[in-house]
1. Taking the condition in contact with a Ser or Thr (Cβ under 9 Å, 6 or more places away or on another chain), in a helix (DSSP H, G or I) and among the β-branched types (Val, Ile, Thr), does residue 272 pass?
2. Within region 287-303, restricting attention to residues that are open to solvent by 50 Å² or more (accessible area, probe 1.4 Å) and either assigned to a helix (DSSP H, G or I) or touching a Lys or Arg at 6+ places or on another chain (Cβ under 9 Å) (or both), which residue is nearest to residue 261 (Cα to Cα)?
3. From the list 95, 59, which one is at pLDDT below 95, part of a loop (DSSP other than H, G, I, E, B) and farther than 16 Å from residue 144 by Cα?
4. Being among the β-branched types (Val, Ile, Thr) and open to solvent by 50 Å² or more (accessible area, probe 1.4 Å) narrows it down to one of 84, 109, so name that one.
5. Kindly indicate whether residue 150 is farther than 22 Å from residue 191 by Cβ and in contact with a strand residue (DSSP E or B) (Cβ under 8 Å, 6 or more places away or on another chain).
6. Go through region 67-92 residue by residue and tally those that are out of contact with any Phe, Trp or Tyr (no Cβ under 8 Å at 6 or more places or on another chain) and either modelled with pLDDT under 95 or among the aromatic types (Phe, Trp, Tyr) (or both).
7. Can you pull out every residue in region 227-246 that is part of a loop (DSSP other than H, G, I, E, B) and under 31 Å from the mean Cα position of the chain (by Cα)?
Amino acid sequence: SWVKSQRVIVQTSLADMGKTTEFLSRQLNRFRRTGDSESPLSREKSTLRRSMKQKKNKTVTKGNLEKNRNLQNSVSDVIKSIRVALIVQNAEYITPEYNDLFGVKDDGVKMKEMLSKHGYQIEFVQNATVGDIFQNIQKLRKKFQKAVTVHFHFSGHGVDNAQFDPKTFTRDKDGKKMETSAPYGDCIVGSKGKLYSVHDLKHELVGCLTGKIVVTLDCCRDKRGASKRVVTLSHKKEMSTSDEERILVIQGTSDLHSASDANSFTKELHKVYIEEGNALAILDISKKVNKSWNERGINQRCKSDAVEVGSSWSDFIWPTPSTFKDDQDGTG
């Protein structure tokens, strides 16, 4: 009797073990089929960990986006405050028609000193051909299109080749159209002797840059036989009113006059700049430089050309308005 009862207990236990083994076998097969080797508890923990990690990453991403947004705004502010200058210094000419200019090297140094002191990023070119000048203006377009102020300076030979020849002109209804071969006014001279019309130079500058543009031309404006030479104009239309309003040109000498290499406009401007405390109202530059020349008995005069609307140029302090105001406040 006792033996029978023990046999029943053993059989029951074996049956239970069989059921347990069968259950475990089914569970294992299910995990294998789903590719999940974790237990339900482990899987729940893993799901919780992934959820927490995703939330953390989401927070970090929002933080990074905010930082990127602030960085972009900072970069935008920096771009808006950029001042850039292209200084062309043509001291040496490889054509017998034009002699070398020994004073030009000092002009380039002085102009670079004045502008770099006020935060201008300087692009400096020496003994440039007309092609070199054009290419460097295009480089400015790519690097500094949004610059708030651009200064173009040329020291070298210049001529005036303007002449009136009715045969070179064709009239439109407004009488303004001209042939591309028409000789046209002031020109700067490349290192190989080719002429670059100041008319085209101005159009190139306003066409590729969006800020205010100051042009200083320290060169002769006399004839010297240049009227016999033809300049092919790239820009045959008049400049738009809005573009005229944002470009100011200072000619280093008067119409049809020669310029002094030893007593150049740039050297006199540097002298006045120091005397005036490193800041000048841009519309006063010609007046103050001419006064300084006159007091020293130098027979040369410069002139400014600007289209002003309201106080668009009368409030402009050269080299830069912000530096002048800071200095006035005693914080510069």
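1. On the way: in contact with a Ser or Thr (Cβ under 9 Å, 6 or more places away or on another chain): yes; in a helix (DSSP H, G or I): yes; among the β-branched types (Val, Ile, Thr): yes.
Spelling it out, residue 272 is indeed in contact with a Ser or Thr (Cβ under 9 Å, 6 or more places away or on another chain), in a helix (DSSP H, G or I) and among the β-branched types (Val, Ile, Thr).
2. So, considering only residues that are open to solvent by 50 Å² or more (accessible area, probe 1.4 Å) and either assigned to a helix (DSSP H, G or I) or touching a Lys or Arg at 6+ places or on another chain (Cβ under 9 Å) (or both), the one nearest to residue 261 (Cα to Cα) is 294.
3. Details: 59 fails: part of a loop (DSSP other than H, G, I, E, B).
Only one candidate passes the filter, namely 95.
4. On the way: 84 fails: open to solvent by 50 Å² or more (accessible area, probe 1.4 Å).
Checking each option against the conditions leaves just 109.
5. Values: farther than 22 Å from residue 191 by Cβ: yes; in contact with a strand residue (DSSP E or B) (Cβ under 8 Å, 6 or more places away or on another chain): yes.
Answer is yes for this residue.
6. Step one: list which residues in region 67-92 are out of contact with any Phe, Trp or Tyr (no Cβ under 8 Å at 6 or more places or on another chain), which gives 67-81, 92.
Among the residues that remain, those that are also either modelled with pLDDT under 95 or among the aromatic types (Phe, Trp, Tyr) (or both) are: 67-81.
Number of matching residues: 15.
7. At the first step, the residues of region 227-246 found to be part of a loop (DSSP other than H, G, I, E, B) are 229-240, 245-246.
Matches in region 227-246: 231, 232, 233, 234, 235, 236, 237, 238, 239, 240, 245, 246.
For (1) touching a Ser or Thr at 6+ places or on another chain (Cβ under 9 Å); (2) among the aliphatic types (A, V, I, L, M); (3) assigned to a loop (DSSP other than H, G, I, E, B); (4) at pLDDT below 95, each residue gets a yes or a no:
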| residue | (1), (2), (3), (4) |
| --- | --- |
| 222 | yes, no, yes, yes |
| 248 | yes, yes, no, no |
| 285 | yes, yes, no, no |
| 311 | no, no, yes, yes |
| 314 | no, no, yes, yes |
| 332 | yes, no, yes, yes |
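The values are calculated or read from the model by the stated rules, or taken from the named source; none is laboratory data. As the structure is a prediction and not an experimental result, all values here were calculated from the model. Using ideal geometry, Cβ is built from the backbone for each residue, glycine included, and neighbour counts are taken over all protein chains shown. Just so you know, the surface numbers come from the protein's heavy atoms only, side chains and all, with ligands and any DNA or RNA stripped out. Shrake-Rupley method; radii C 1.70, N 1.55, O 1.52, S 1.80 Å.
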